[in-house]
Amino acid sequence: MKIALFFLGASFFVFSEPSFASENFTCGYYREILKEKEPSCFFGEIFWHRDGQCHFFCDEKTSCPSLLSIIEKDIVSFGEPKTVSSSSVLGRFVSENSLPIVTYSLQEGELAHPVFYNVPPELLRFQKDTVEHEKYWNFIEKLIPKSFRAHLVEIRFVSDGTGGKTGFVSIPMEGTGNVRLEIDPADADDIVYNILHEFAHLIATSPEEQAQEALFEQCGENTTSFLQAFTNQFWDRYGNDFYELSEAEDSDEYSRIALRLGKKYPNAFLTEYATKSPVEDFSETFAYFLLSPRPEGDDLSDKKIQFFWKYPEMVRLRVSLQWRLLLLKKRGEVPSVYR
């Protein structure tokens, strides 16, 4: 029997085919499900009309337990801190600000209309390496479900050297609802973690999330976005403390404020960068949620990860992303350090 699998901690929540039959679905509906797979669905996934997503399928008695065990063990390695490689060409480049290398428009799922910028000699070879650009985009396209990146209209490669900004989501034109994903290839050692962090920003800026916030703020409806729910639950307690960070004049002052607030709120944040703002805390926590086992502790940082486990759609997304990461890794399609 083939099932849609939802993995919650140590428990398996499954919805088997008979559950569809109980809702008067026809044999024709089954055929349509099998026939109308989303192009980005992977082997082992099936497209559901219910939510417009690809979901990981396996056999309840045989393959599910062993596959999930492999996935959980394998995925942890993506979240481990990496050592910067001195052999990286881009790793020898240093800049105070992120310099644009090349910008692509996204048209029908393809990189198009590249715009090249004047760059230092250290960035020139990467700028010309369009094959490498395609590798990055293919990885992002295969990893992130299409419905979550419908408002993504541009990809820009930037760099400030290794260890600075790893990437960010920006708005190329106000009022359109569209966003640009900016990636620093010098930090490719942590590309999976970085992309998943930026994926959280794509979720937070999606039309669906923006509509939820508008209904709450402008229409008074009892609804809220994931980001707003996270902020309400965890950031209201801080008052204005952490907003001091946004006013720091340089990185040294930022680090001093973060260290002081870290002592005031012990075990509240998973990373120093998470202290920057609610949206960065949300994004850092989301990446940990995807790449780490379900926490059992009672620290505030554990509770933040548990926040995502409350939502069945997030748990389904977690399993699908882990499955995709595993396959991409086995296929050698995860971008590596540029040499």
Output the residue which, of all residues in the range 292-339 that are of a type in the set (Lys, Arg) and outside any loop (DSSP other than H, G, I, E, B), is farthest from Leu123 (Cα to Cα). Lys303
For residues in the range 141-157 being in contact with a helix residue (DSSP H, G or I) (Cβ under 9 Å, 6 or more places away or on another chain) and β-branched (Val, Ile, Thr), which is surrounded by the most Cβ atoms within 10 Å (Cβ to Cβ)? Ile144
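Condition check ((1) within 26 Å of Tyr273 (Cα to Cα); (2) among the basic types (Lys, Arg); (3) in a loop (DSSP other than H, G, I, E, B); (4) at pLDDT 85 or above) across all residues:
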residue: Glu213; (1), (2), (3), (4): yes, no, no, no
residue: Phe216; (1), (2), (3), (4): no, no, no, no
residue: Ala229; (1), (2), (3), (4): yes, no, no, yes
residue: Asn232; (1), (2), (3), (4): yes, no, no, yes
residue: Ser246; (1), (2), (3), (4): yes, no, no, no
Filtering the range 255-286 down to residues that are of a type in the set (S, T, N, Q) and free of Cβ contacts under 8 Å to residues at least 24 places away in the same chain yields Ser255, Thr271
Six or more apart or on different chains, Cβ under 7 Å: which pairs go from a residue in the range 131-145 that's over 10 Å from Pro335 (Cβ atoms) to one that's among the polar types (S, T, N, Q)? Could you list them? Glu141/Ser40; Lys142/Ser40; Pro145/Ser40; Pro145/Gln53
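I need a count of the residues in the range 171-188 that are at pLDDT below 70 and part of a helix (DSSP H, G or I). Spell out how you get there, then give the answer.
Narrowing the range 171-188 to residues at pLDDT below 70: 172-176, 188.
Restricting the remaining residues to those that are part of a helix (DSSP H, G or I) gives 188.
Selection size over the range 171-188: 1.
Does Phe289 meet the test of being closer than 30 Å to Glu132 by Cβ, without any contact (Cβ under 8 Å) to a residue 60 or more places away in the chain and part of a helix (DSSP H, G or I)?
Numbers: closer than 30 Å to Glu132 by Cβ: yes; without any contact (Cβ under 8 Å) to a residue 60 or more places away in the chain: yes; part of a helix (DSSP H, G or I): yes.
Criteria met by Phe289.
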Being part of a helix (DSSP H, G or I) and in contact with a helix residue (DSSP H, G or I) (Cβ under 8 Å, 6 or more places away or on another chain) is the filter here; which residues of the range 96-140 pass it? Glu122, Leu123, Phe126, Glu132, Tyr136, Phe139, Ile140
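For the range 157-170, indicate whether the set of residues that are under 21 Å from Pro100 (Cβ atoms), at pLDDT 90 or above and either hydroxyl-bearing (Ser, Thr, Tyr) or not in a loop (DSSP other than H, G, I, E, B) (or both) is non-empty. Walk me through how you get there before you give the answer.
First, pick out the residues of the range 157-170 that are under 21 Å from Pro100 (Cβ atoms): 157-170.
Among the residues that remain, those that are also at pLDDT 90 or above are: 157-158.
Pick out the ones that are also either hydroxyl-bearing (Ser, Thr, Tyr) or not in a loop (DSSP other than H, G, I, E, B) (or both) and you get 157-158.
Yes: the range 157-170 contains one or more residues that are under 21 Å from Pro100 (Cβ atoms), at pLDDT 90 or above and either hydroxyl-bearing (Ser, Thr, Tyr) or not in a loop (DSSP other than H, G, I, E, B) (or both).
The values are calculated or read from the model by the stated rules, or taken from the named source; none is laboratory data. As the structure is a prediction and not an experimental result, all values here were calculated from the model. Note: ideal-geometry Cβ built from the backbone for every residue, glycine included; neighbour counts use all protein chains shown.
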